[in-house]
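Here is the structure we will look at, set down as structure tokens.
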Amino acid sequence: MTGKFSESNQIEVVSSFYELINTAFQSTKNTICWERNLAGDFEEIVSQLQLKENITEVLIEDLLVLKLSEKGNMAREIILNDLQLLTDFGALPSLNLLKNYDRDNEFDFISTDVYSYHVDRSPVGTDTFLCTYHGAASDILPNDQVTQKILIPEIREKLRALHDGPEIEFEGFLKEYFFDLHYQPKPNAKPVNLGLGHLWRLAVDHPTQKVLPCVHRAPRENDGEYRLLLIC
């Protein structure tokens, strides 16, 4: 399969939803992309939706009541189809209109918000699916281009001081507060931007996963522009 992402050792590119859900992660490939060039006016949909909070879930009925042009309606049909495909697969997709996520400013030496490179963790065998229809898109990094933040000596010492408890409980403390999920890019790391319209499947940290989880981050939003994001 040729395309924008096919050169990456991290990304497996497919051409259908069936391939997206049935292709196995293997070796360094912990990200699968249904690469698409979507027609339709997604900006028209965003312009008609109402932001109620910084992150507002958009329901199917919210989409159905919009008065759209032909291109706007094409975009709506694509979104509705994606939601249906993922629901039929057994996932619980959510369509979000996003101004911004909450920032974590509690500590000056480590951040645990989604703008920090991180992996997702699940107690069950599942994957993360996402598609950005409008606005800034997320980034991913290969696992060999990042360092787990809790392994960086100066950060680890500050976390140890923050813990201030028995050494035997330290690793549990790191997991309890999600410090172990976050990563620092190495010098000369080359992130891949996930772009618009592609439907992605990212490997998650869970006991049965055979590959390393995908390291990713939410983007800094463009000024004055909302994101329209499908995620589950």
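The values are calculated or read from the model by the stated rules, or taken from the named source; none is laboratory data. Since the structure is predicted, the reported quantities are computational estimates derived from the model, not experimental observations. Because the Cβ atoms are built from the backbone with ideal geometry, glycine has one as well, and the counts that use them run over all protein chains shown. The protein model used for the area step is the full one, side chains on, heavy atoms only, and it has no ligands, DNA or RNA in it. Shrake-Rupley method; radii C 1.70, N 1.55, O 1.52, S 1.80 Å.
Report the far tail of the P(r) of the range 157-232, meaning the percent of Cα-Cα pairs longer than 17 Å.
Pairs farther apart than 17 Å: 65 percent.
Given 188, 147, 65, which one lies farthest toward the positive end of the charge dipole of the chain, if we put +1 on the Cβ of every Lys and Arg and -1 on the Cβ of every Asp and Glu?
188
How big is Rg to Rh over the range 73-166, alpha-carbon atoms, Rh as the Kirkwood inverse-mean-distance radius?
Working: Rg = 18.2 Å, Rh = 17.0 Å.
Ratio value, two decimals: 1.07.
What does the accessible area per residue of the range 1-155 come to in Å², with a 1.4 Å probe and no ligands, DNA or RNA counted?
Here the per-residue accessible area is 53 Å².
Got a number for carbon plus sulfur as a percent of the chain's accessible area, 1.4 Å probe? Walk me through the numbers on the way to the answer.
Details: 6230 of 12540 Å².
Percent of accessible area from carbon and sulfur atoms in the chain: 50.
Using only DSSP helix segments of four residues or longer, with each worth -39500 (n - 2.57), what per-residue ellipticity at 222 nm results for the chain after dividing by its residue count and rounding to 500? Walk me through the intermediate numbers first.
On the way: 6 runs with 56 residues, N = 232.
Dividing the helical sum by the residues of the chain leaves -7000 deg cm²/dmol.
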